[in-house]
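Single-structure report; data block below.
The values are calculated or read from the model by the stated rules, or taken from the named source; none is laboratory data. Since this is a predicted model, take the numbers as computed values, not measurements. Here the Cβ positions follow ideal geometry from the backbone for every residue, glycine too, while neighbour counts run over all protein chains shown. We work out accessible area using only protein heavy atoms, side chains counted, and drop any ligands, DNA or RNA first. Shrake-Rupley method; radii C 1.70, N 1.55, O 1.52, S 1.80 Å.
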Amino acid sequence: MSKESRTLQAIKFDRQNVTLDILDQLVLPYSTTYISIKSIDDAYNAIKSMQVRGAPAIAIVGAFAIVVDIYNNLKSKDGNSSIGDLQTSLQHLLRSRPTAVNLANAINDIEQILCSYETSEVLNESIYKQIFDYATRLYDDDLANNHKIGENGLKYIVESLKQENFKGPFSIITICNTGSLATSGHGTALGIIRSTYAKLHKEVSGEDFFLDHVYPCETRPYNQGAKLTTYELDYEKIPFTLICDNMVSSLIQTLKNEKKDVHGKTSPVKFIIVGADRIVRNGDAANKIGTFQLATIAQYFNSAQDTKIKFIVAAPRTTIDLNTETGDEIKIEERPHKELTTLVGPVLNGSEVGDKITVGIATPGITVWNPAFDVTPHGLIDSIITEDPIAYVKDKNGNYNLT
């Protein structure tokens, strides 16, 4: 893919013509291809197949798809769908990604709009206008809040390093993709990295420290980190090195050793910043599988080796689920076994990108467990960064107050 054809715009919603197109993230980073979403069924398929992913983006695409679906129904000569028909479709859409609370919150909000109507009533312009206004506001608010998350995360990083009296270069680890491709723009965890690098890279930092390098994890088995986060970091010209999920401990240990380096880099890891698909009342956070082990690794280095690595969860307030008490109650989606037993990608011949093929990497017919997410206990989380002006940190009893 040429640099001219690259984009970080994952969602294109035309407010005048009421059309929705999403960037097909299954063909990134090799091709920029948009898919037209014309119905709720189209959105269900795109979310389920992970053509769109990232909890905020899933909710936005779901809401816009509902708008487009109603709009097309009203335009159609045969358009006579009822409130009850739409409610059934909403529950179908919800099943596309049960772990991501943002989608559930958006659907619940739209259900509240519908509750003042009888289920037998036919969809009308008034209902359409209310849901259109809700969906566009959801997008606009998410974009504004992402920039606030970035600034709040930067503030927390600066304050943490000053309290430690840290000086010199530092590195950040992240997992999965939490940037523009997973949101309306800018991002959550990757948004913090983006904001931090803009203000704290070596040439502009007015502090005694600067962000020197980022280490995105590959994020098996779907490789969102390798395919998408590296795409965004490369696009933004933020220095990074890709690592496998099982290299984190070795990376941190190597960068702690003054006599060792990683491709010439020696800046220690000071922060691990991740996103979330659901944060519950006590502060437990569900995120891409592999996140829990990152928090556990940070805890080991902090306690056993007297290292200071802050584990940060970044997400908009829409990701917080105050109706669920603990992470034990979160339903974890299990993905198809083939994601673990095969690799899918295009044939590469130099700079030429060929057709996609599937390659087997495991013994045929074996039993596979493939949860899409894990839950990081709140005790391993140093702070939760949202668009709110304060960073949520544990009280003296180790508990969070997210209300």
Task: region 68-212: relative contact order as a whole-number percent, Cα under 8 Å and 6+ apart - done: 20
Open item on the list: Just to compare against my own numbers: the Cα pair-distance distribution for region 1-139, 10 Å bins, whole % per bin, please.
Closed with: 12, 44, 32, 10, 2, 0
TODO: Note down the net charge around Thr219, summing +1 for each Lys or Arg and -1 for each Asp or Glu among other residues with Cβ under 15 Å from its Cβ.
DONE: -1
- [ ] Alpha carbons only, please: Rg and Dmax for the chain, in angstrom.
- [x] 21.7, 74
Task: Sequence-distant residues sharing a close amide H with Ser383 (under 5 Å, placed H) - done: Phe311, Val313
Task: Charge tally in the Cβ shell below 13 Å around Lys129, where Lys, Arg are +1 and Asp, Glu are -1, Lys129 excluded - done: 0
Task: Value of Rg/Rh across region 215-265 [Cα atoms, Kirkwood radius] - done: 1.02
- [ ] Determine ³J(HN,Hα), in whole Hz, for all residues of region 119-132 in sequence, where each value follows from phi through the Karplus function 6.51 cos²θ - 1.76 cosθ + 1.60 and θ = phi - 60°; x replaces Gly and Pro.
- [x] 4, 7, 5, 7, 4, 9, 5, 5, 4, 4, 5, 5, 6, 4
Task: Radius 13 Å from Cβ of Thr88, net charge of other residues (Lys, Arg +1; Asp, Glu -1) - done: -3
Task: Sorted peptide list for 249-261, 147-159, 361-373, criterion being average Cβ within 10 angstrom, highest first - done: 147-159, 249-261, 361-373
Task: Debye, to nearest 20: dipole size of the chain, +1 on Lys, Arg Cβ, -1 on Asp, Glu Cβ - done: 1000
TODO: Tabulate in residue order the Karplus-calculated ³J(HN,Hα) for region 8-18, using 6.51 cos²θ - 1.76 cosθ + 1.60 with θ = phi - 60°, rounded to whole Hz; enter x for Gly and Pro.
DONE: 10, 8, 7, 10, 10, 10, 8, 6, 7, 8, 6
TODO: Determine ³J(HN,Hα), in whole Hz, for all residues of region 192-206 in sequence, where each value follows from phi through the Karplus function 6.51 cos²θ - 1.76 cosθ + 1.60 and θ = phi - 60°; x replaces Gly and Pro.
DONE: 5, 4, 4, 5, 5, 5, 4, 9, 10, 6, 3, 6, 10, 4, x
Task: Debye log10 I(q)/I(0) at q = 0.11 Å⁻¹ for region 5-74, Cα point scatterers - done: -0.23
Task: Pairs from Lys270/Lys394; Lys162/Lys308; Lys148/Lys256; Lys310/Lys396; Lys38/Lys75 whose Cα-Cα separation, in the structure shown, is over 22 Å - done: Lys148/Lys256
TODO: Kindly report the accessible area of the chain per residue (heavy atoms of protein chains, probe 1.4 Å, no ligands, DNA or RNA), in Å².
DONE: 45
Open item on the list: Let me spell out the model: positive unit charges on the Cβ of Lys and Arg, negative unit charges on the Cβ of Asp and Glu, origin at the Cα centre of region 178-325. What dipole size does that give, in debye rounded to 20?
Closed with: 60
